[in-house]
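Data first, discussion second: the structure below is written as structure tokens.
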Amino acid sequence: MVDTSFFKNNGPFDLKKIASITDSVLKDETNGSVQINDIATMDKAGSNEICFFYDKKMKEKASEMKASACITTNELASLVPSETAVLISENPKIAFLKLNLALYAEYSSEAGISSKANIHKTAQIGQNCSIADFVTIEEGAVIGDNCRIEAGAYIGRNCQIGEGCRIGVNAYVSYCIMGKNCFIYTGARIGTDGFGFDFIDGKHQRIPQVGRVIIGDDVEIGANSCVDRGALDDTVIGSGTRIDNLVQIAHNDKLGMGCICCSGVGVAGSTQIGNYVVLGGQVGIADHIKIGDGAQIAAQSGVMRDVEGGAVLLGTPAVPFKDFMRQVAFLQKSIKK
């Protein structure tokens, strides 16, 4: 059961409504009035709760199900106990997402501007925004409608934040133009100095970083991640991209649409990443290289040269997946000799 101390429950919903929300088909329409209060896992769901059954590995435990209802596939429906109402879905995972979004919601502050916020008189704040305590919004900044700026967040001079964005607790946004419906998680740092130095007269001389960060629509940047502004050209994050916690995106990098960067990824400067590229956890990318559309780089790989679109790489230095497995097999055979 979801703890309503932290998340608001919009239920209960009857199964007829749940079928509509999830694009599922209720196997026995006489169960349409059954009330559902919560979502739970298959092994823990009980009375007035619904679960999801889509993993064939769970077949043996299906008979132990105690849930009032279950969303599953047509293939697995026969394994659900007769006491449990069945809803048939082509994709129970997507059904779960839809029901989760409908049933639960985060508690959020009502629209309004805290008297403890520090907002420059030239800043423009859109309609229906929530500006929390100790937020700082600098000169000339523009905040779109329906934005949520959480406690302690900083919005720098002349930044533009599109409508429907959420800037998390103590997040920092500067030198940035951001699209709509973005979520910058707590502690993230957007627009910080790029790591640029020249060795002059025996010391490392900082190169001024005079570019910007351009963020598209529907982008999420995780907690304590950093996106550096460009040295001269802009750093760009494409629409629909998802950046996990503790990720470093360096100056002048260009990420395309729909990319995934898992936790611990580090991308060195002036790298171009295409659309729908996936970077696994702790992947390291060298500077000034190109990664083609749809490439996938496995966790802890080190990419040191250009990558073709659609390639699947693994290892350090990263090589095609099959080549890596051949290397592993060769080493194992060599050790046994």
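None of the figures in this text is laboratory data; all of them are computed from the coordinates on show. Given the structure is predicted, the values throughout are model-derived calculations rather than measurements. Neighbour counts run over all protein chains shown; Cβ positions are idealised from the backbone, glycine included.
Data table
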{"quantity": "Cα-based helix-to-principal-axis angle, 321-336 vs the chain, degrees rounded to 10", "calculated": "90 degrees"}
{"quantity": "Contour minus Cα-Cα distance for residue 55 and residue 5 (0.36 nm per residue)", "calculated": "15.0 nm"}
{"quantity": "In sequence order, calculated HN-Hα J values of segment 222-239 (Karplus, 6.51, -1.76, 1.60; Hz; x Gly/Pro)", "calculated": "x, 4, 6, 7, 10, 10, 7, 6, x, 6, 9, 6, 8, 8, 10, 10, x, 4"}
{"quantity": "Built amide H within the under 5 Å cut-off of residue 319, gap 5+", "calculated": "314"}
{"quantity": "Three-way shape call for the chain based on the alpha-carbon gyration tensor, with the a/c threshold at 1.5", "calculated": "oblate"}
{"quantity": "Gaussian network model of the chain, springs between alpha carbon atoms under 10 Å - residue of 19, 151, 298 with greatest fluctuation", "calculated": "19"}
{"quantity": "Residues of segment 1-35 with amide N under 13 Å of a point placed 7 Å along Cα→Cβ from residue 66", "calculated": "1"}
{"quantity": "On Cα atoms only, tilt of 92-103 relative to the major axis of the chain in degrees", "calculated": "80 degrees"}
{"quantity": "For segment 123-198 and segment 1-41, distance of Cα centres in Å", "calculated": "36 Å"}
{"quantity": "Relative contact order (%) - criterion: Cα under 8 Å, at least six apart; region: segment 7-106", "calculated": "32 percent"}
{"quantity": "Qualifying aspartates and glutamates (Cα of each under 12 Å from Cα of residue 290; at least 8 residues distant if same chain)", "calculated": "253, 306, 308"}
{"quantity": "Ellipticity estimate at 222 nm from DSSP helix runs (n ≥ 4, -39,500 (n - 2.57)) divided over the chain, nearest 500", "calculated": "-3500 deg cm²/dmol"}
{"quantity": "Sparse-neighbour loop sites [chymotrypsin sites (Phe, Trp or Tyr not before Pro); segment 35-123; at most 10 other C-beta within 10 Å; DSSP]", "calculated": "107"}
{"quantity": "Modelled label reach - residue 312, point 7 Å along Cα→Cβ, segment 250-292 residues with backbone N closer than 16 Å", "calculated": "277-281"}
{"quantity": "Per-residue ³J(HN,Hα) for segment 185-197, Karplus 6.51 cos²θ - 1.76 cosθ + 1.60, θ = phi - 60°, Hz, x for Gly and Pro", "calculated": "6, 3, x, 5, 10, 10, x, 6, 4, x, 8, x, 9"}
{"quantity": "Computed label-point distance, nm, for sites residue 203 and residue 335 using a 7 Å Cα→Cβ extension", "calculated": "4.9 nm"}
{"quantity": "Residue order, fewest to most beta carbons within 10 Å, for 29, 110", "calculated": "110, 29"}
{"quantity": "Long-range HN-HN contacts of residue 180 with modeled amide H, under 5 Å", "calculated": "217, 218"}
{"quantity": "Highest-fluctuation residue, 105, 295, 123 considered, GNM on the chain with Cα pairs under 10 Å", "calculated": "105"}
{"quantity": "Modelled FRET efficiency - R0 41 Å, residue 115 with residue 282, Cβ distances, 0.05 increments", "calculated": "0.40"}
{"quantity": "Links that overshoot a 24 Å alpha carbon limit, given the list 27/98; 8/121; 8/116; 93/322; 56/322; 16/180", "calculated": "8/121; 8/116; 93/322; 56/322; 16/180"}
{"quantity": "Residue with peak Gaussian network fluctuation, the chain [Cα springs, cutoff 10 Å], from 201, 287, 218", "calculated": "201"}
{"quantity": "Cα centroid of segment 63-110 to Cα centroid of segment 279-337, whole Å", "calculated": "38 Å"}
{"quantity": "Anisotropy class of segment 7-106 from Cα gyration tensor, a/c 1.5 cut", "calculated": "rounded"}
{"quantity": "Hz values of 3J(HN,Hα) by residue in segment 259-274 - Karplus curve (6.51, -1.76, 1.60), Gly and Pro given as x", "calculated": "7, 10, 10, 6, 3, x, 5, x, 10, 6, x, 6, 9, 10, 10, x"}
{"quantity": "Amide H contacts under 5 Å for residue 130, placed H, 5+ residues apart", "calculated": "112, 147, 148, 149"}
